[in-house]
Amino acid sequence: MSKPAAPLKGRAARLARLMPTTGPSTAARTPFVLLVVLLLGGGLITLLLLNSALNEGSFRLSELKRDTTELTDEQQALQRDVDSRSQPDALEKRARELGMVPGGSPAFLNPDGTVRGKPTEATAPPPSPSPSPTPSPSASPGADAPAAGPSASGASGGPSGSPSPSGSVSATTPDPAAAPSAENSPPPTSPGR
């Protein structure tokens with residue numbers, strides 16, 4: 001048979017009194033459980049904040065893409081407008097609307113101050129038979145008569161080309177009222193390139 005366990009003596013008895021023998025201690029597990037719960041909670045909160053920041057960034061990105069698309073479309077429309085207005089026939093039409101005429105042959109200044117070439121004056125070509133905004137015959141004749149009077153008398157000299165009694169010049173000199181003057185015409189514009 002076996003002997004009953006003898007009571008501990010001396011040093012072993014003192015150690016046995018310091019350490020409880022009643023099973024595992026719950027006091028040692030509490031800090032570990034709290035640490036694990038805090039780590040899990042902190043991780044979940046961090047994931048939530050990160051997810052909301054990513055969603056906010058994706059909404060901002062889609063808004064910026066939409067704005068970029070709108071601005072690109074607007075830029076392309078403006079570029080098409082510039083291209084259509086800078087075509088030679090459109091420039092010529094706009095210049096004629098502004099009263100410009102094709103220039104004559106140019107003259108150039110050499111570095112020593114001499115003139116190379118013979119400049120000629122730019123003259124307006126004869127008007128094309130296009131419909132022009134003329135007043136209708138039903139308009140009041142009093143308003144048309146003073147405006148038409150000087151130009152008609154300037155063009156009608158005598159048969160010999162002498163000036164008429166009203167003092168206007170002959171038909172060979174252009175009428176200043178018929179041609180646009182340099183003071184009243186707007187300055188020429190460049191196509192902006």
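No lab work stands behind these numbers, since they all come straight from the coordinates. Only a predicted model underlies this, so the values are computations on that prediction, with no experimental measurement involved. Because the Cβ atoms are built from the backbone with ideal geometry, glycine has one as well, and the counts that use them run over all protein chains shown.
Other residues within the sphere of radius under 14 Å centred on the Cβ of Thr72, judged by their own Cβ, net out at -1 (K and R +1, D and E -1). Packing around the peptides 57-65, 99-107, taken as the average count of other Cβ atoms within 10 Å per residue, puts them in this order, highest first: 99-107, 57-65.
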